[in-house]
Amino acid sequence: MKITIMEDEHQFDIAGAWRIIGQMMAKPDAVIGLSTGQTTGNMHKIVSDIYAQYPFDTSKVTIFNVDELTNLERSYPGSCYTMIYEQLVKNLNMPEENFIMPPTRSDDFDSECVKFEKALEERGGADLQMLGIGWNGHIGINQPGTPFERQTWVSPMDPIFEARVRRETHVSDDYPLGGLTRGVVNIMQTRKIVLIAKGKAKAEVIRKALFGPVTTDLPASVIQLHPNCEVLLDREAAADIQELL
Ligand code: GLP
């Protein structure tokens, strides 16, 4: 596991953007997994800005997001589809059929999970996963306690995040919100993982994930077992591991 610590948040965003662009340049038909959230918004904007200035071939690139909210409209601004589309896909002049996402609504999410994985497999499987980490160590929407062998599924949500989505969308409590997420094992099968975190709120979970025991109680700890993983941090997110390096 390689750990890269950037001086500040902006340098972190730029470094993350180049991980994405570098993968597209190294392999023009790369299959690239992204994550939504506060960690990645600026990073994706930087990719779009660099592309606008120095366009490169994106005609064969495939993009997907590691997870998606379920039981909301896809057009909801907080859906992963809409975020990734707005931040990146629409700016890259890539064929829209190369943006692979599960639906937000379905009567049969089990078969949608299988279809999502199959679509990625047909394109040769994921080359890169830019992987965010939740405050409680979740990856994708795999919450603490999720078995590592779990395949892509609809997981219960992080309660704090769920409360925020409900507030913003006025979805009532008796309406089931879920999160379709690649399973831990599917994420681990990606050829390269870049775990990304910035800000001091992530410092403690980063220390536990990188230097604590590998345990399903903290799903992100599984990346210690990945043969090709880089951890990209800013100084604040790295604050609790400095003395361990
Ligand atoms: C959400 C997303 C994850 C993301 C994580 C971190 O739960 N489903 O994919 O990695 O939270 O988000 P943030 O970057 O906003 O801290």
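The values are calculated or read from the model by the stated rules, or taken from the named source; none is laboratory data. In this text the structure is predicted, and so the values were computed from the model without any measurement. Backbone-built Cβ (ideal geometry, glycine too); neighbour counts: all protein chains shown. To get the accessible areas, we keep the full protein, side chains included, count just its heavy atoms, and leave off ligands, DNA and RNA. Shrake-Rupley method; radii C 1.70, N 1.55, O 1.52, S 1.80 Å.
Per-residue extension of 0.36 nm, minus the Cα-Cα distance of residue 38 and residue 175, leaves a gain of 46.7 nm for this segment.
The listed residues 99, 148 rank as 148, 99 when sorted by accessible area, largest first, using a 1.4 Å probe. Cα centroid distance between segment 121-163 and segment 1-47, in Å? Between the Cα centre of segment 121-163 and that of segment 1-47, the gap is 18 Å. Across segment 1-134, counting alpha-carbon atoms alone, Rg and Dmax equal 14.8, 47 Å.
Distance check, please: which entries in 90/198; 90/200; 27/208; 90/192; 60/118; 60/115 exceed 29 angstrom between their Cα atoms?
Numbers: 90/198 26 Å; 90/200 32 Å; 27/208 33 Å; 90/192 25 Å; 60/118 18 Å; 60/115 20 Å.
In this structure, 90/200; 27/208 exceed 29 Å between Cα atoms.
Would you calculate, for the chain, the mean residue ellipticity at 222 nm contributed by helices, counting each DSSP H stretch of 4 or more residues as -39,500 (n - 2.57) and dividing by all residues, to the nearest 500?
Working: 7 runs with 78 residues, N = 245.
Calculated mean residue ellipticity at 222 nm is -9500 deg cm²/dmol.
With 0.36 nm allotted per residue and the present C-alpha distance subtracted, the residue 14-residue 114 stretch has 32.6 nm of extension available. Among residues other than residue 150 with Cβ under 14 Å from its Cβ, the summed charge is -3 (Lys and Arg +1, Asp and Glu -1).
For segment 168-233, the spherically averaged projection of the C-alpha convex hull amounts to 6.3 nm². For the chain, the percent of C-alpha pairs falling in each 10 Å distance bin, counted from 0 to the bin holding the largest distance, reads 7, 33, 38, 19, 2, 0. Under the simplified labelling scheme, the residue 21-residue 228 pair shows an inter-label distance of 2.2 nm, with each label point 7 Å from Cα along Cα→Cβ.
Under 1.5 on a/c is rounded, so check that first for segment 126-211, then, if it is not, pick prolate when a/b is larger than b/c and oblate when it is not; a ≥ b ≥ c are the square roots of the alpha carbon gyration tensor eigenvalues. Note, shape of segment 126-211 comes out oblate.
Take every Cα pair under 8 Å whose residues are at least 6 apart in sequence, average their separation, divide by the length of segment 115-218, and the relative contact order is 40 percent. Converting phi to 3J(HN,Hα) with the Karplus coefficients 6.51, -1.76 and 1.60 and the offset θ = phi - 60°, segment 163-178 yields 4, 5, 4, 4, 4, 6, 10, 6, 7, 6, 5, 8, 9, x, 9, x Hz in sequence order, with x at every glycine or proline. Excluding ligands, DNA and RNA, the accessible surface per residue across the chain is 45 Å² with a 1.4 Å probe.
Here the chain has 52 percent of its accessible surface on carbon and sulfur atoms, given a 1.4 Å probe and all protein chains in place.
Label-to-label distance for residue 4 and residue 217 is 3.2 nm, based on points extended 7 Å past Cα in the beta-carbon direction.
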